[in-house]
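Below is one structure, written out as structure tokens; comments come after it.
Bear in mind that the values in this text are calculations on the coordinates, not laboratory data. All values derive from a computational prediction rather than experimental measurement. Quick reminder, even Gly has a Cβ in these numbers, built from the backbone with ideal geometry, and neighbours come from all protein chains shown.
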Amino acid sequence: MLDDLIAICGPSCAKCPAYIATHSGNRAELKRIADEWTKSLGRTYSADDIICDGCRVPGGRRTGYCATCNIRLCAESRGNITCAHCTECPCEKIVSPKARQILEDLKKTL
């Protein structure tokens with residue numbers, strides 16, 4: 001079984017600043033991440049929008065960004081656990097070179 005803390009797009013949720021801040025209960029860090037994401041993603045986020053247990057954790061809380069994430073929506077609409085489970089992976093939705101490499105490595109283990 002694939003670890004639930006592997007995000008749909010491949011990276012480990014356990015290394016994500018939002019996940020770490022959520023599980024440490026660090027409200028100041030959640031606010032800092034919200035401010036950073038507001039600037040970099042062009043949408044307003046609050047500290048509560050950053051709370052996340054991982055996008056694949058059953059019943060887990062997801063960031064506000066996750067609700068509209070094209071990558072997550074695509075994988076779920078195709079019935080894929082992660083992008084690595086898709087025959088078209090990596091596709092043009094995966095723009096980060098690091099994420100592309102993680103998915104290619106994950107695909108080899110499936």
Helix 27-41: inclination vs the chain longest Cα principal axis, degrees, rounded to 10, gives 60
In segment 23-110, the trypsin sites (Lys or Arg not before Pro) that sit in a DSSP loop and have at most 15 other Cβ atoms within 10 Å of their own Cβ are ARG43, ARG61, ARG78
In the list (i) -0.34, -0.48, -1.17, -1.38; (ii) -0.29, -0.41, -1.18, -1.62; (iii) -0.45, -0.55, -1.03, -1.24, the entry giving log10 I(q)/I(0) by the Debye sum over Cα atoms at q = 0.11, 0.13, 0.21, 0.24 Å⁻¹ computed from the coordinates is (i)
If R0 = 25 Å, then GLU76 and THR38, at their Cβ-Cβ distance, give a FRET efficiency to the nearest 0.05 of 0.45
Filtering GluC sites (Glu not before Pro) in segment 49-110 by DSSP loop and by at most 10 other Cβ atoms within 10 Å leaves GLU92
The long-range amide H neighbours of ILE6, using H built 1.01 Å from N in the peptide plane and a cut-off of under 5 Å, are CYS13
Ordered by fewest other Cβ atoms within 10 Å, a rough proxy for footprinting exposure, LEU5, LEU41, LEU73 read LEU41, LEU73, LEU5
Footprinting proxy, ASP4, ASP49, ASP105: sorted fewest to most Cβ within 10 Å, the residues are ASP105, ASP4, ASP49
